[in-house]
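These notes are about the structure you will find just below.
The values are calculated or read from the model by the stated rules, or taken from the named source; none is laboratory data. The shown structure was predicted, so the numbers you read here are calculated from the model rather than taken from an experiment. Note: ideal-geometry Cβ built from the backbone for every residue, glycine included; neighbour counts use all protein chains shown.
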Amino acid sequence: MSAPVQVTPEAPMLEAAGVSIQFGGLKALTDFNLTIRQGDLQGLIGPNGAGKSTAFNALTGVYRPTRGDVRVAGQRVNGWMPHRINHLGLARTFQNIRLFRALSVLDNVKVACRAETLSHQEHWLPASLFIAALRGVGGVGGEKGARGGQRLGEQLIEQAGALVLQGWWRSLFLTPGFQAEEQRITERADALLEVMGLSHRRNEEARNLPYGEQRRLEIARALGTQPKVLLLDEPAAGMNTREKADLMVLIRKLRDQFSLGVLVIEHDMKLVMGICERITVLDHGEMIARGAPDEVRNDRKVIEAYLGDSYLESHGGAA
Amino acid sequence: MTTARSATTVPEAGAVVPAGLKGLLPVLLALPVLGLLEWLLRASPFATYLLSVMGVNIILAVSLNIVNGMTGQFSIGHAGFMAVGAYLAGFVSLMLKGVAISFLPEALSDQVFFLLALLVGGLSAALCGFLVGLPSLRLRGDYLAIVTLGFGEIIRVVVQNTDAFGRALGLSGIPQTSGVGMVYFGVFLVVLVARRIAGSSHGRSLWAIREDEVAAEAMGVDTTGYKVRSFVISSFFAGIAGGLFAHFVPIINPGSFTFVKSMEIVVMVVLGGLGSTTGAILAAIFLTLLPEGLRSLFTSLGAEGSLAQKVDQIRMPVYGLLLVALMLSRPQGLFGTKEIWDVLPKWWARRKKGTS
C-alpha cells in the first residue's frame, strides 16, 4: 500500500472544467475549475451556502453538471452514476455523517471493500442470440421498437450475468475461492480500521460511536474503495481542538501512505491553512480566489466575503 | 420446522468441514431428514396439508424479507408473484399430465415433472420481478409499494379474464404431486440462499442500501442493480412457493392471491423483524397456526358452528391488533434486524441477571 510518492507530472486524477450547476433559476455553482493530481492536498473554503458541497456533489455524480465537464482519471463522467465514478477512484465523506448506522464498524468498511469483481463483459453466445431475438421481436414495431427490445435484452443479460457470473453463485455454494475472498476483504477492512485507530470498536454498531470516531470511520470506509482522490467534506466539524490536531496529522499521513490526492472542505481556518498547499475560495457559487494559504489569507475579496476583518486583526497582523 | 432450523444453523457449525464441502453439506444433511419427514407423515393428510401451507408461507415470508428487510425496499405485491408461479406451474403440470418417463417409476417421473413445473413457475415469476422492478426500483420508497400493489392486482385481473387459466373458477385437476418433503426442500433452499447472501459482500451491499442509499452509491455499490437483483431473487422464490401451493390444494383460483394475501406476508415479515430470516420463519409459523388455534379455541368454548367458522373473516382484524400491539411494545419486530442466535443469548443473560 505504501507506494513511493511519484514525482512524475502525470495526468490529473480529477479535473473540473467550467462546471456550472443550476437548480431552476438558482445558480448554485458557476464556472468551477479544479485540478487534482496524485499527492495534492487542496482546500475548498467559503461562507455557508457558497456552493462547496454542491461542488462535491457535482464531482461525485450526485448532481449532473448543467454545463462543463468533470473528468476522473481522464474519463469524462458527466451524467454517470456515483458508483461508477467511485469505481474510477473517487471517494468521499459526507458533511452530515452518513454511515450505515445499524451495521458494525467492520461491516461499514467491508461494504466499501468490494470483491474484486469478475468481468461479465464478454457475453456468452446464448446471450447475444437472445438479444438478437428480442431485437427481432421489437423490430415488428419499427426501428424504435427494435432498439427498445435490444436495450431491454441487454439489461436482462446484464442482470442475469451479474447474478450468475459476478459471484452470486460463489456465495451460494461457499466455494473455496469465495471464502478466501471474504477473508481478504476482512483483512483489508481490519487494516484500514487499524490505520484510522478504530480497531477497538470493530464489532460495535456504527451509530454507537462518538462523533469524532464516526468521522474517522467515514474516512476508513472511503479508503476501502481504494480511491486515488479523496474528498473530505468538513472532516473536523464537531471535533475538539485535540482531535482536530490529530486529524491534521492523519490527513497528511493518509495522503502519503495511500498516495492520494485530497480535497478538503473545512471551516476551521487553522486546519485548512495548516495542511493545504493550495486553497480555492468560493462565494455565491463563484470562485473568488485561489492560491497558497498565504496568498488567500491576504486576499482582499476573501477577507470581505469570508474571513472578516476580525480574522485579519488576530491572524493577519502576525503573518 | 426441523429442516428450517437445520438449514439456518448448519452453515455456522460448518467450520470443521473442509472448505470444498462446506457449501454442499447442508443439502446433504437436509435430504435424508426431508425423506424421513415425508415418510412419517404419509398417513395423515391434515398434518401434511397444514405443514405444507406453513412451508409455503415460510418461503413467501423469507423471500419477501430479502427485499423488504435486507434491501429496505417496500414491496406489497408478493401474492402477485406467487400467483404467476402457481398458475404457470399448474398450467405446465396440466399439460404434462398424461406424460411419463418410461424408464423411471411413476412416482419418480411425476416428481421430475413437478420440479420442471416449479422451475417454470419460479423463472416466470423472476422474469415478472425483473420487468416490474427495473423501472420502479430506480425510484424511491413509496413508488415501489404502489407499483407492486398494482402489479398484484393486474395479475389477478388478467388471470380472472383468461380462459386458459379458468377465469374466476380457477384451475382444477392439477396433479397433487407435492408433499411435505418437496415443500420443505423449498423452505430449505430459500433459507439457505437468504443466509448465504447475508454472509457475502452482496448481502452487505443490500444492507448498505437499506441503511443509506446515497452513501451506498458513493461507496461504489450499484444500488439500482442490487435492488433489481434482490427483487428478482425474491420473486423467484415467491413463484416457487406458488408452484408448490398449486400442487397440494385441490383448486387454485384468483381469490387465493388477493391483496389480503400480500398483506399477510408483509405482516409476517414485519412481525418477525425486518431483516431477520429466523424472525420471518417464526412469524410465518405463528401466523399459519393462529387461525387453526383460534378455531379449536372457539370450538372448545362451545361456540360451535358460529364463531369457529368465521375465523377466516376475523383473521385480518386480529392481524391488525397484533401489528398495533407490536408497534407499541417492540417496533423493530420480534428480532429486529438480528437473527435468533444473536438475540436469545443476550435475552437469556439479562433474564438470569434479573432473577439472581
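What number goes with the only condition from (1) more than 29 Å from A:H87 (Cα to Cα); (2) without any contact (Cβ under 8 Å) to a residue 12 or more places away in the chain that A:D283 does not pass?
Looking at each condition in turn, A:D283 falls short on (2).
Residue-by-condition table, conditions (1) away from chain B (no Cβ under 14 Å); (2) crowded, with 23+ Cβ neighbours inside 10 Å:
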residue: A:A17; (1), (2): yes, no
residue: A:L44; (1), (2): yes, yes
residue: A:G49; (1), (2): yes, no
residue: A:S53; (1), (2): no, no
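Restricting attention to the range B:285-308, and to residues there that are part of a loop (DSSP other than H, G, I, E, B) and surrounded by 13 or more Cβ atoms within 10 Å (Cβ to Cβ), which single residue is modelled with the lowest pLDDT?
B:A303
Kindly check whether there is at least one residue in the range A:276-294 that is loosely packed, with under 15 Cβ neighbours inside 10 Å and touching a helix residue (DSSP H, G or I) at 6+ places or on another chain (Cβ under 7 Å). Even if it seems obvious, please write down each step before you answer.
So in the range A:276-294, the residues loosely packed, with under 15 Cβ neighbours inside 10 Å come out as A:277, A:292, A:294.
Narrowing further to those that are touching a helix residue (DSSP H, G or I) at 6+ places or on another chain (Cβ under 7 Å): none.
Checked against the condition, which is being loosely packed, with under 15 Cβ neighbours inside 10 Å and touching a helix residue (DSSP H, G or I) at 6+ places or on another chain (Cβ under 7 Å), the range A:276-294 yields no hits at all.
Tell me which residues, restricted to the range A:101-116, are in contact with a Lys or Arg (Cβ under 8 Å, 6 or more places away or on another chain) and within 9 Å of chain B (Cβ to nearest Cβ).
A:R101, A:A102, A:L103, A:D107, A:N108, A:K110, A:V111, A:A112, A:C113
Go through (1) outside any helix (DSSP H, G or I); (2) under 17 Å from the mean Cα position of the chain (by Cα) for A:R255 and report which single condition fails.
All conditions are met except number (1).
Within the range A:252-265, which residues are surrounded by fewer than 18 Cβ atoms within 10 Å (Cβ to Cβ) and under 11 Å from A:E277 (Cβ atoms)?
A:R252 - this is the single residue of the range A:252-265 that is surrounded by fewer than 18 Cβ atoms within 10 Å (Cβ to Cβ) and under 11 Å from A:E277 (Cβ atoms).
For A:E205, all conditions in the list (1) farther than 23 Å from B:V221 by Cα; (2) at pLDDT 70 or above hold save one; what is the number of the exception?
Every condition holds for A:E205 apart from (1).
With of a type in the set (V, I, T), surrounded by fewer than 19 Cβ atoms within 10 Å (Cβ to Cβ) and assigned to a helix (DSSP H, G or I) as the only criterion, which of A:V249, A:V272 stands out? Write out each step before concluding.
Working: A:V272 fails: surrounded by fewer than 19 Cβ atoms within 10 Å (Cβ to Cβ).
Selected residue: A:V249, the only one of A:V249, A:V272 that is of a type in the set (V, I, T), surrounded by fewer than 19 Cβ atoms within 10 Å (Cβ to Cβ) and assigned to a helix (DSSP H, G or I).
If A:I185 passes every condition in (1) more than 12 Å from chain B (Cβ to nearest Cβ); (2) β-branched (V, I, T); (3) in a helix (DSSP H, G or I) but one, which one does it miss?
The single condition A:I185 does not satisfy is (1).
Report every pair of residues separated by at least 6 positions or lying on different chains whose Cβ atoms are under 7 Å apart, first residue within the range B:170-181 and in contact (Cβ under 8 Å) with a residue 24 or more places away in the chain and of a type in the set (S, T, Y), second part of a loop (DSSP other than H, G, I, E, B) and surrounded by fewer than 17 Cβ atoms within 10 Å (Cβ to Cβ).
B:S172/B:P250
For the range A:1-113, give me every one of the helices (runs of 4 or more DSSP H) that falls completely inside it and has 2 or more residues that are charged (D, E, K, R), in contact with a Phe, Trp or Tyr (Cβ under 7 Å, 6 or more places away or on another chain) and in contact (Cβ under 8 Å) with a residue 12 or more places away in the chain.
Those helices (runs of 4 or more DSSP H) do not exist here; none qualify.
Within the group A:V70, A:V111, which residue is farther than 19 Å from A:V262 by Cβ and β-branched (V, I, T)?
Checking each option against the conditions leaves just A:V111.
Could you please find all residues in the range A:193-210 being in contact (Cβ under 8 Å) with a residue 40 or more places away in the chain and surrounded by fewer than 18 Cβ atoms within 10 Å (Cβ to Cβ)? Spell out the reasoning first.
The initial filter retains those residues of the range A:193-210 that are in contact (Cβ under 8 Å) with a residue 40 or more places away in the chain, namely A:193, A:195-196, A:198, A:201-207, A:209.
Hits for the range A:193-210 are A:R202, A:N203, A:E204, A:E205, A:R207.
Residues are listed down the side, and each one gets a yes or a no for (1) within 30 Å of A:T60 (Cβ to Cβ); (2) at pLDDT 90 or above; (3) polar (S, T, N, Q):
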site: B:Q176; (1), (2), (3): no, no, yes
site: B:A194; (1), (2), (3): no, yes, no
site: B:A215; (1), (2), (3): yes, yes, no
site: B:T224; (1), (2), (3): yes, no, yes
site: B:F231; (1), (2), (3): yes, yes, no
site: B:F236; (1), (2), (3): no, yes, no
site: B:G239; (1), (2), (3): no, yes, no
site: B:F248; (1), (2), (3): no, yes, no
